[in-house]
1. Just give me the residues in the range 12-24 being surrounded by 14 or more Cβ atoms within 10 Å (Cβ to Cβ) and of a type outside the set (Gly, Ala, Ser), in sequence order.
2. With of a type in the set (Asp, Glu) and part of a helix (DSSP H, G or I) as the only criterion, which of Glu64, Glu51 stands out?
3. Cβ-Cβ below 6 Å, separation at least six or inter-chain, first residue in the range 1-17 and without any contact (Cβ under 8 Å) to a residue 40 or more places away in the chain, second open to solvent by less than 100 Å² (accessible area, probe 1.4 Å): which pairs?
4. When both residues are 6+ apart or on different chains and their Cβ atoms are under 7 Å apart, which pairs have a first residue that lies in the range 41-65 and is closer than 10 Å to Met1 by Cβ and among the acidic types (Asp, Glu), and a second that is open to solvent by 80 Å² or more (accessible area, probe 1.4 Å) and not in a helix (DSSP H, G or I)?
5. Given the conditions (1) part of a helix (DSSP H, G or I); (2) open to solvent by less than 70 Å² (accessible area, probe 1.4 Å); (3) free of Cβ contacts under 8 Å to residues at least 24 places away in the same chain, report the number of the one that Tyr27 does not fulfil.
Amino acid sequence: MTKYDFEVSFKLARPDADPNDFVDRLYEEGCGDATLGIGARGSIALDVTREASSAQQAIISVIEDVMRAIPGAELIEV
């Protein structure tokens, strides 16, 4: 397997949500390989290094992890 480095950004379902509220859930759902960017309310970014069989699989797995951890999150950018 190969390691892939990329960043994903999400808009939170509630603009007033504090991204710090999701840090533990993201880790528990498999995002322990990501550095979180939580500087702006209403959004969250993850800088990820993920091992996978392909870049597409690495990206999809992170998106799935985030969607489980933060219901209603909307992917903005990869």
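The values are calculated or read from the model by the stated rules, or taken from the named source; none is laboratory data. The structure presented is a predicted model; accordingly, all values stated were derived computationally and were not measured. Cβ sites come from the backbone with ideal geometry, for glycine too, and all protein chains shown count toward neighbours. Only protein heavy atoms, including side chains, enter the accessible area calculation; ligands, DNA and RNA are left aside. Shrake-Rupley method; radii C 1.70, N 1.55, O 1.52, S 1.80 Å.
1. Leu12, Pro19, Phe22, Val23, listed by residue number.
2. When all the criteria are applied, what remains is Glu64.
3. Qualifying pairs under 6 Å: Pro15/Gly42.
4. Taking only residues 6 or more apart or on different chains, the pairs are Glu51/Met1; Glu51/Lys3.
5. It is condition (2) that Tyr27 fails.
Yes/no per residue for (1) surrounded by 19 or more Cβ atoms within 10 Å (Cβ to Cβ); (2) among the aliphatic types (A, V, I, L, M); (3) touching a helix residue (DSSP H, G or I) at 6+ places or on another chain (Cβ under 7 Å):
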position	(1), (2), (3)
Leu36	no, yes, yes
Leu46	yes, yes, yes
Thr49	no, no, no
Ser53	no, no, no
Gln56	no, no, no
Glu64	no, no, no
Met67	no, yes, no
Ile70	yes, yes, yes
Ala73	yes, yes, yes
